[in-house]
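**Student:** A single structure is presented below for examination.
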Amino acid sequence: MLKGLSTAGLGDVSSLSELVTLASKNGFDAVETTSEQLKTLISDVGIQGAKNFLKEKDILLGAVSLSVEWRKDDVAFNKGIFELVECAEMASELGCKTFFTYFMPSTDQEVIPYFMKLSKRLRLLGRLLAQYDMELALEYVGPHHLRNKWQNQFIWNAKDTLHWVDFIGEENIGIVLDSFHWHTSEETIDTILSLEVHKVKYAHINDARNIPVHDVLDNDRVYPGEGIIDLENFLKAMNTINYQGLITQEVLTIEKPTNSSEVLAERSAQAFRNVFNKAGLI
């Protein structure tokens, strides 16, 4: 598995170039970024300059968050498609293979029409990204408070997300396997072992506080190894199914961290070493 660093859990990181530098300094393999940060880097140094910078730092552009607003109205979705084409061209030039996005586990809309509308849009997005030899990873969201935030429950676990992926029917669309959502969806090691690895397009790693799972909040996470999620066996199971892709830290917090990004990146690196060592994968 390739170890990735995102800005989630690093406090103030002003740019993609700063994130790449922090990742390189702390032994990560790749970074996760946004379309906006990617565009800014290329605007500043150009495509070739960005290639040279990533090569110099020995860091891969691992994944880009999907900027298209595909969950709301048609106007926003159609506008985002044009922006995605530009971003996909840039990301592909830099060797990136993955866009990822999330969806909420409940909605105020009627479920079946909502499901069909989103499926149609995701099918279009998958086909567009396939033209750049890129994949789209869908992240289900597990916390109970979000399953009940809106009127109707939607999809909130790996099994149903994979059924959705099969319905969409595009080979380059799969799931994000996130340890936090795996935990809050009360999934098991067998859930991971049952996965077809080619459908796992991306992964996140983080941890949860020692409180009842029904009370866990989506934006109250801790660094890997500092909570109660069984990350040792989570990683072992991912290794067993031969997942060789990117696994990136995503630590969302209620309050902004007070330490510097340099200190938090070092903490992140140590967290990765601890959990990977415990799983016997270093």
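The values are calculated or read from the model by the stated rules, or taken from the named source; none is laboratory data. Note that the coordinates shown come from a computational prediction; the quantities given were computed from them, not determined experimentally. Glycine also receives a Cβ, built like all others from the backbone with ideal geometry; neighbour counts cover every protein chain displayed.
**Student:** Can you tell me which residues in the stretch 3-41 are surrounded by fewer than 21 Cβ atoms within 10 Å (Cβ to Cβ) and more than 27 Å from Glu83 (Cβ to Cβ)?
**Tutor:** Gly11, Ser24, Lys25, Asn26, Gly27, Asp29
**Student:** If you don't mind, another one. Can you confirm whether Ala269 is over 16 Å from Gly4 (Cα atoms), touching a helix residue (DSSP H, G or I) at 6+ places or on another chain (Cβ under 9 Å), hydrophobic (A, V, I, L, M, F, W, C) and modelled with pLDDT of 95 or more?
**Tutor:** Numbers: over 16 Å from Gly4 (Cα atoms): no; touching a helix residue (DSSP H, G or I) at 6+ places or on another chain (Cβ under 9 Å): yes; hydrophobic (A, V, I, L, M, F, W, C): yes; modelled with pLDDT of 95 or more: yes.
Here the answer is no, as Ala269 does not meet what is asked.
**Student:** How many residues does the stretch 134-161 hold that are within 14 Å of the chain's Cα centre (by Cα), hydrophobic (A, V, I, L, M, F, W, C) and either assigned to a loop (DSSP other than H, G, I, E, B) or more than 30 Å from Leu61 (Cβ to Cβ) (or both)?
**Tutor:** 1
**Student:** Is it true that Ala91 is in contact with a strand residue (DSSP E or B) (Cβ under 6 Å, 6 or more places away or on another chain) and part of a helix (DSSP H, G or I)? Full working, then the answer.
**Tutor:** Details: in contact with a strand residue (DSSP E or B) (Cβ under 6 Å, 6 or more places away or on another chain): yes; part of a helix (DSSP H, G or I): yes.
The answer is yes for Ala91.
**Student:** Would you please name the residue that is surrounded by the most Cβ atoms within 10 Å (Cβ to Cβ), looking only at residues in the stretch 223-255 that are of a type in the set (Ser, Thr, Tyr) and out of contact with any Lys or Arg (no Cβ under 7 Å at 6 or more places or on another chain)?
**Tutor:** Checking each candidate, the answer is Thr248.
Results for (1) over 30 Å from Glu262 (Cβ atoms); (2) at pLDDT 95 or above, shown as yes or no for each residue.
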{"residue": "Leu2", "(1), (2)": "no, yes"}
{"residue": "Glu18", "(1), (2)": "no, yes"}
{"residue": "Asn26", "(1), (2)": "no, yes"}
{"residue": "Asp29", "(1), (2)": "no, yes"}
{"residue": "Asp44", "(1), (2)": "no, yes"}
{"residue": "Phe53", "(1), (2)": "no, yes"}
{"residue": "Asp73", "(1), (2)": "yes, no"}
{"residue": "Cys87", "(1), (2)": "no, yes"}
{"residue": "Ile112", "(1), (2)": "yes, yes"}
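**Student:** Also, I was wondering about something else. Restricting the search to the stretch 211-222, which residues are closer than 22 Å to Ser65 by Cβ, exposed (fewer than 13 other Cβ atoms within 10 Å of the Cβ) and in contact (Cβ under 8 Å) with a residue 40 or more places away in the chain?
**Tutor:** Of everything in the stretch 211-222, nothing turns out to be closer than 22 Å to Ser65 by Cβ, exposed (fewer than 13 other Cβ atoms within 10 Å of the Cβ) and in contact (Cβ under 8 Å) with a residue 40 or more places away in the chain.
**Student:** Is one or more of the residues making up the stretch 194-210 of a type outside the set (D, E, K, R), part of a helix (DSSP H, G or I) and without any contact (Cβ under 8 Å) to a residue 60 or more places away in the chain?
**Tutor:** yes
**Student:** Which condition number does Cys96 fail, the rest of (1) assigned to a helix (DSSP H, G or I); (2) within 21 Å of His198 (Cβ to Cβ) being met?
**Tutor:** (1)
**Student:** Is there any pair linking a residue in the stretch 252-263 that is closer than 17 Å to Ser17 by Cα to one that is assigned to a loop (DSSP other than H, G, I, E, B) and hydroxyl-bearing (Ser, Thr, Tyr), with Cβ under 9 Å and at least six apart or on different chains, and which?
**Tutor:** Ser261/Thr7; Ser261/Ser14
**Student:** Out of Leu124, Leu118, Leu61, report the one residue that is farther than 23 Å from His181 by Cα and part of a helix (DSSP H, G or I).
**Tutor:** Leu124
**Student:** Of Glu266, Glu255, Glu262, which residue is more than 22 Å from Ala63 (Cα to Cα) and of a type in the set (Asp, Glu)?
**Tutor:** Glu255
**Student:** Name the pairs: first residue in the stretch 79-96 and more than 24 Å from Lys55 (Cα to Cα), second residue part of a loop (DSSP other than H, G, I, E, B), Cβ to Cβ under 7 Å, at least 6 apart or on different chains?
**Tutor:** Final answer for the pair search is Gly80/Ser67; Gly80/Val68; Gly80/Glu69; Ile81/Val68; Glu83/Ser67; Leu84/Ser67; Leu84/Val68.
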